[in-house]
1. For the stretch 162-189, what are the residues that are free of Cβ contacts under 8 Å to residues at least 24 places away in the same chain and β-branched (Val, Ile, Thr)?
2. What number of residues within the stretch 373-410 satisfy the criterion of being over 12 Å from Thr886 (Cα atoms) and either open to solvent by 10 Å² or more (accessible area, probe 1.4 Å) or among the hydroxyl-bearing types (Ser, Thr, Tyr) (or both)?
3. Give Trp544, Trp551 a once-over and let me know the one that is outside any loop (DSSP other than H, G, I, E, B), open to solvent by 20 Å² or more (accessible area, probe 1.4 Å) and closer than 30 Å to Asp386 by Cα.
4. Run Thr843 past the list (1) under 30 Å from Arg398 (Cβ atoms); (2) modelled with pLDDT of 95 or more; (3) part of a loop (DSSP other than H, G, I, E, B) and report the number of the one that doesn't hold.
5. Could you look through the stretch 738-771, keep only residues that are in a strand (DSSP E or B) and under 16 Å from Leu643 (Cα atoms), and pick out the one that is farthest from ligand 2 (Cβ to nearest atom)?
6. I'd like the residue in the stretch 850-897 that is surrounded by fewer than 19 Cβ atoms within 10 Å (Cβ to Cβ), of a type outside the set (A, V, I, L, M) and closer than 15 Å to Thr557 by Cα and, out of all such residues, is farthest from ligand 2 (Cβ to nearest atom).
7. Suppose the filter is free of Cβ contacts under 8 Å to residues at least 12 places away in the same chain, away from ligand 1 (no atom under 16 Å from the Cβ) and open to solvent by 20 Å² or more (accessible area, probe 1.4 Å); does Asp634 pass it?
8. Taking the stretch 757-785 on its own, how many of its residues are farther than 17 Å from Glu854 by Cα, crowded, with 18+ Cβ neighbours inside 10 Å and aliphatic (A, V, I, L, M)?
Amino acid sequence: MTPSATTTTQQFTYAFGDGRADGDTTMKALLGGKGADLCELARIGLPVPPGFVISTDACRAWQEQPVESGLDPELQRQVRVAMDELEQRTGRRFGVLEDTGIPLLVSVRSGAPISMPGMMDTILNLGLTRDTVMAFAQASGNERLAWDAWRRFLQMYGSVVLAVDDHVFDAILTAARTEHGVVTDTELDAAALRDVAEAFEAAIAEACGAEAIPADPFEQLARAIAAVFASWNGEPARVYRAHYGISDDLGTAVNVQAMVYGNAGDTSASGVLFTRDPATGVRIPYGEYLANAQGEDVVSGMRTPQPIAQATALDGQLSLEQLMPTAYASLLDVIELVERHYRDSQDMEFCVEDGTLWMLQTRRAKRTAAADVRIAVDMVEEGLIDRAEAIRRVDPDRIGDLLVPSFERGTEHVAIGRGLAASPGAATGQVVVTWQDAEARVREGHSVILVRPETVAADIAGMVAAAGVLTARGGATSHAAVVARGMGRPCVTACAGLHIDEAAGTVTIGATTLRVGDPISIDGTTGEVLLGTVPTRPATVDGWLERLLDWADEVSTLQVRANADDAVGARRARALGARGIGLCRTEHMFFEASRLPLFVRTILSSSETEERDLLEQLSPQLEQELEEMFVAMDGLPVTIRLLDPPLHEFLPETADEARAIAADAGVTVEEILAASAEHAEHNPMLGLRGVRLSMVAPVIYEMQVRWIARAMLRAKAAGADPRPAIMVPLVMVAEELRVARERISEVLREELGDDASSVEIGTMLEVPAACMNAGDLAAHADFFSFGTNDLTQLTMGLSRDDAERFLPGYVEHGLLPSDPFVHIDERAVVPLMELAARHVRATASTAEFGACGEHAGDPASIAAMRDVGLDYVSCSPLRVPGARLTVGRLALADLPVHRAVDD
Ligand code: PEP
Ligand code: MG
């Protein structure tokens, strides 16, 4: 890349168009995303107004100085040189009074290495002074344009650099509109805009003194650059970075670029567009424009923008395609070129000045998870990328967003409004109208819908907290829409007839008035607003995701199975692509209301015979349940874990609870409470549970094995191919497994005869001792499955049930990198797993290895466990699609499975 300043000192400015910026991460780190992209766009021959980038190095250097010291003299010198070059390129002069044609005005925009839309400051039309406004008017032959540029500059400079309250400017504009009887600023004529500008000048002079707007444009430029640097540490930018885990050290670049005018008259326009629909991924230019307007008008929500493509226009709307067909055709060419170049969907800003198209910026389009998947798959079909690239591109952590719930359509609901479907998914919660209230109510455990006229940067904390966002204004590219989509929050914008009275705490939508705290539901997929709490139903995998996951399955070397405890779960898991059940927790079968009393009586029984007789009464139900699971997983393994929790978990603790089941159980309240006291343990997680229980009370395991065997026979009789496997929990030494296995095999032989050996018997590895003893266990196990929940608990000495009290603090203070129950601990737990696998492989064992704790559905943990040599991971059904994508990505290369933030 060619420097625009050739000195031996550090280079801070980089001209775009002159040189090459690859748009790679190094370039983005130095020039910011926007700057690197502008360089790239100029290089590939797109119509980009000339300009230069001030690097993030300069921002970081500035942050280290005392605020009052202003811009570094060397940076100022380089900016001066770059401005000279800009004058030459544009043939326009910066801040020169003589009649030299249209003056050079510039935009000064932030541009961080990682996109932070709307979080930092921008100043447009910089370079005008009170004395040059008329020169501009004369040269352009458009007096209105000149006053419009000047008043916009005053407002932006006033609020961004001089910190004048924006409301002051808004009040002046509102008064002007009222005085002239117009609704929008576009309708104000040159004289009205001159009055507005003069009122702005007076307001700034009153707030900051008469000399507050520098008469020297270079002085304006220096202060504007410093203000953009400062906005890196403004509240909205810091909150956004904290939410997305973006480093505070990156700094922002500043882009200084010649202004072009979308507000030069009726043949001019400004617009924003996504090359494909960011909500669905459909290949159609999706965005908005405003004729005779500057870019910020499009996103501000003050005027209602019109659609770009005719296909997306509603009745009464005038698309750019219709209004300016030539510019629209150029836009399509640009889209084609840009997508071929970046091989990804882009989000662009453009401007039409007197019929000529200018591209102002392009960046990777933020999109919903659904659009992300569809775009990746479509681009494979279009030959832009290959399958591996598609698999790499989609972040597995976002697949969960795709499986967002939708409203149960069969149920009664009352639609009270409709807006733009800005970010998909169904959300329901209490109405709140401020971000502070959103945070407070969520802290109290409520779900909330944040309702705002439109969202601004300060609302970000409320959007983080809320289940969904509803706004009165703003289009598909508004702040609310973009931020909500990025977060996977359902969002409806531009809701017709929505009025918010913050002071009264009321929200009116058409004829309905709601109070803060009232329940409301929004459907970000359809744009509907519904009264009250509407029940939701889970989503399913669509055709695009299905294709992507099939491609991932083809390359992956690791299988994904599901944790499911009943037939419904099994069917669900299979529909989501699970290749079997890796963990069926049988305790859940006893907790069901109709079965619990009988199981309680079993626990209280005095002899093994009585115990067996009682459990036999459960046989029909449980055999059927298991049979249905085998049928649902026809031909695939179903790993059934024998009873794991301590028995006291099944026993009521209070007299009231005991009374509720005593009659059904056929025992007295006193007997139940006595048994509960007898089974109580100080450390139940370390107590009489899992295989230990079967050593002292073997009948439960015996009966469970009988049910499994009989269900297998029933499934076979029904024509299915059942593949049960029996798993023994909480084993610590080989002797336990040897005894358990002998007993299980004996029952299987009784039930199945010669077929008994077709049922595999294995164990969980969830006690550290078992990992150390895994070589000895191998003699008795056909398979192993790491129970990473208990293994984390027992390796780290952290209670699964109580550690949340202090773990967040540990993470906050850097004592642990993350919650080890969410992301697996890589310093002790993973090495222990690797050790166990090595011990087993050192024997003649060919046992399979799986993992079935919560970590088995977490992309980062799956990647962390890659060297254990697992054959499968098993996770809850909804996490199966994300896990499939993760194992596909893992198989492809040594790539980071986690994409930390959207670039
Ligand atoms: C585990 O401990 O990781 C496991 C899968 O078993 P559970 O969560 O039921 O204890
Ligand atoms: Mg466990």
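The values are calculated or read from the model by the stated rules, or taken from the named source; none is laboratory data. All of these numbers come straight from a predicted model, not from anything done at the bench. Glycine gets a Cβ as well: all are built from the backbone with ideal geometry, and neighbour counts include every protein chain shown. Ligands, DNA and RNA are stripped out before the accessible areas are found, and what is left, the full protein with its side chains, is counted by its heavy atoms. Shrake-Rupley method; radii C 1.70, N 1.55, O 1.52, S 1.80 Å.
1. Thr174, Thr178, Val182, Val183
2. So the answer is 22.
3. On the way: Trp551 fails: open to solvent by 20 Å² or more (accessible area, probe 1.4 Å).
Sole residue among the options that is outside any loop (DSSP other than H, G, I, E, B), open to solvent by 20 Å² or more (accessible area, probe 1.4 Å) and closer than 30 Å to Asp386 by Cα: Trp544.
4. So Thr843 meets the others, but not (1).
5. Quick first cut of the stretch 738-771, residues in a strand (DSSP E or B) only: 760-765.
Okay, now just the ones that are also under 16 Å from Leu643 (Cα atoms), so 761-765.
Numbers: Ile761: 18, Gly762: 14, Thr763: 11, Met764: 6, Leu765: 10 Å.
If we take residues in the stretch 738-771 being in a strand (DSSP E or B) and under 16 Å from Leu643 (Cα atoms), then Ile761 is farthest from ligand 2 (Cβ to nearest atom).
6. By that ranking, first place goes to Asp894.
7. Details: free of Cβ contacts under 8 Å to residues at least 12 places away in the same chain: no; away from ligand 1 (no atom under 16 Å from the Cβ): yes; open to solvent by 20 Å² or more (accessible area, probe 1.4 Å): yes.
Judged against the criteria, Asp634 is not a match.
8. Adding up the residues that qualify gives 7.
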